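First the structure, in the form of structure tokens, and then the observations on it.
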Amino acid sequence: MAAVLLMLAGAAPAAPPAVRDLAWGETLFYYFQQDYIPAITRLGVARSRQELGYHADEADLVLGGLMLGYGLHRRAEAIFENLLATNPKREVRDQAWYFLAQVRFLKGFPGESLEALSRVEGRLPGPLQVERVDLEARALLASGRPRDAARVLSVADLPGGWRYYGWYNQGIALIRSGQPGEGDTVLERLAAADVAGPELSSLKDRANLSLGYLRLAADDPVGALRAFARVRLEGPYATRALLGAGWVNSSRGDYQAALIPWVELVARDPLDAAVQEALIAVPFAYAELGTPGRAVDRYEYAVDSYEGELRRLDRAIADVHSGRLIAGLDSERDDVAADRDPLSHYLYSLMAGDDFQRGCEALEDLEELDRLAERWQSSISAFQDMLAARRDRFRQSREPVLSALDEVRLAELDQRYDSLKASVDRAREQNDALMLADAGERESMRRTEALEAALGEDPATADRLRRLRGIVFWGANAAFPARLRAMDKSLAETRRALKSSSRHVREIGEADVRAPAGFAGFDARIMEAAGRLDSLRMGLRVATVAQTRQLENLAIAELQARRQRVEGYLSQARYALAASYDQAAIAGAIP
């Protein structure tokens, strides 16, 4: 997983300001925190909702790479093939071809991987170009073309620490292509390089170890010893270097010198294959030195050690069969002491294998997915409670709202509006200012009419009353245009208010019908999600059991291989012990 995620550095941007889609920014938030499952989830949602207008290409590349990292090769391949079928951009197509080559190589098709790499037209961005060279070399080696792999690496301009890995792979490729001299030269360049850091120091040790055994096979003991001597005594390749140094001296007949690294070796980790081989190499050297008594003692010690190791291996195999492997792995993760049972005794060495590590990573991913599904599952009840609360609130608010609606008389209000508007329209048509007179003016007109009726036909009074009516009419007529505009404005506002009220009443009625159906729809969606989560967790349990069985099979195969190797050493030790007894008896070293 880590290697694939390093490759994705060329697809995911390093500068957050370049983010133009919110969904892509959220994805990168999870991605750069190494929360890859939420990143996949957010990408999947964003793609289904078409929220990636600016970053769709990058999103597909990253999603495919994440799928590849989780071992979902078919899904990753489908994403990259879809990009190739739909995207015209050369840089996107180049990256898709590269990742497709990765998928095919991981699926065990190095030839098809090389064919995909040949479709890459330009230089890949960032570290992907370096990874491309490495992938091509590995695919060529896997295809049985070491000479071509060496040629690719010889012309590659690799930066930084990648240069040293290129030298090592080139040296091995040359050796496999039948050019041991050229391979020796390239590996010597790495062996003599001044490197820093534990990773490159281990690579340098590995180069020296390869040189030592290469020169031992080429009958160059001096060169072999020089290479073995450069391997660090505390590095991961120290035991094999000590073993090789002993065999170099043994091949020269200098058994006393051979004992120096071998005696140092037998004091180390008894699980190491080199240490186990040294257990019979030491008495062999003593026998060759003419000390059969010491050879007998050492062979007896070797036999006891091998028999004890076989018993521990048998118990460890039985523990795996009984299902205790995963508990042991959990103990290792929690830093529990590794000496509680025979199985934990071998876990560190088991976990060093690439296949076993990938299996453990897959199991951890399944466990993480199950924990995530469990959290989602626990949210189902929360969603149900939220829906029930909203349903209750709707029920509680529904009755008062409907009661209030019953009191609303929109039809009556519409009639009153129509009547008022008709009156205003008549006043406009007839230019009747008194129809829009205010209360004071109407009162004045009423009182004037009352006085006329009471005083009769008195000319002096009638004239004065006419003047009063004229003053009132003049005031109403002067205010008539403004009052007419104000009435038109008020009528328009009233009409809008009536329309809005009518719409609200209609919407409330529709909501009264729609809301219960909506609640039922949410009920169905929640139940559907609950069923999908149940199915998902069931599938995860099945996959977890299958992955556990695969790990158990890998562990048993490794333990059985160790057992066969130890049985072989035990047979040799017993045979040599019997011969040493005879030699010791002849020499009088034992009674």
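The values are calculated or read from the model by the stated rules, or taken from the named source; none is laboratory data. Keep in mind it's a predicted model, so treat the numbers as computed, not measured. Note that each Cβ is placed from the backbone with ideal geometry, even for glycine, and that neighbours are counted across all protein chains shown.
Given the condition more than 26 Å from Arg312 (Cβ to Cβ), crowded, with 17+ Cβ neighbours inside 10 Å and not aliphatic (A, V, I, L, M), answer yes or no: does some residue in region 559-581 qualify? Scanning region 559-581, I find at least one residue that is more than 26 Å from Arg312 (Cβ to Cβ), crowded, with 17+ Cβ neighbours inside 10 Å and not aliphatic (A, V, I, L, M), so the answer is yes. Sort out which residues of region 99-141 are part of a loop (DSSP other than H, G, I, E, B) and either hydrophobic (A, V, I, L, M, F, W, C) or within 22 Å of Arg176 (Cα to Cα) (or both), and write them in order of number. The answer is Gly108, Phe109, Val120, Leu124.
The set of residues in region 214-268 being surrounded by fewer than 21 Cβ atoms within 10 Å (Cβ to Cβ) and under 41 Å from the mean Cα position of the chain (by Cα) consists of Arg230, Arg232, Leu233, Glu234, Gly235, Pro236, Arg268.
Within region 69-88, the set of residues being touching a residue at least 60 places away in the same chain (Cβ under 8 Å) and out of contact with any Lys or Arg (no Cβ under 9 Å at 6 or more places or on another chain) comprises Gly69, Tyr70. Would you check if there is a residue in region 151-159 being modelled with pLDDT of 90 or more and closer than 20 Å to Lys204 by Cα? For region 151-159, residues modelled with pLDDT of 90 or more and closer than 20 Å to Lys204 by Cα: absent.
Within the set Gly171, Gly144, the sole residue that is under 18 Å from Gly183 (Cα atoms), over 20 Å from the mean Cα position of the chain (by Cα) and part of a loop (DSSP other than H, G, I, E, B) turns out to be Gly144. Looking at Ala193, Ala218, just one residue is in the same structural domain as Ala245 (by TED's automatic domain parsing) and in contact with a Pro (Cβ under 7 Å, 6 or more places away or on another chain), and that residue is Ala218. Condition check for Ala316 on (1) among the aliphatic types (A, V, I, L, M); (2) surrounded by fewer than 23 Cβ atoms within 10 Å (Cβ to Cβ); (3) touching a helix residue (DSSP H, G or I) at 6+ places or on another chain (Cβ under 7 Å): one failure, at (2). The number of residues in region 315-362 that are modelled with pLDDT under 85 and assigned to a helix (DSSP H, G or I) comes to 27. Restricting attention to region 89-144, and to residues there that are among the small types (Gly, Ala, Ser) and surrounded by 18 or more Cβ atoms within 10 Å (Cβ to Cβ), which single residue is farthest from Leu174 (Cα to Cα)? Looking at residues that are among the small types (Gly, Ala, Ser) and surrounded by 18 or more Cβ atoms within 10 Å (Cβ to Cβ), I get Ala96. For region 176-213, which residues satisfy the criterion of being crowded, with 21+ Cβ neighbours inside 10 Å and within 21 Å of Leu140 (Cα to Cα)? Residues satisfying the conditions are Gly183, Asp184, Val186, Leu187, Ala207, Ser210.
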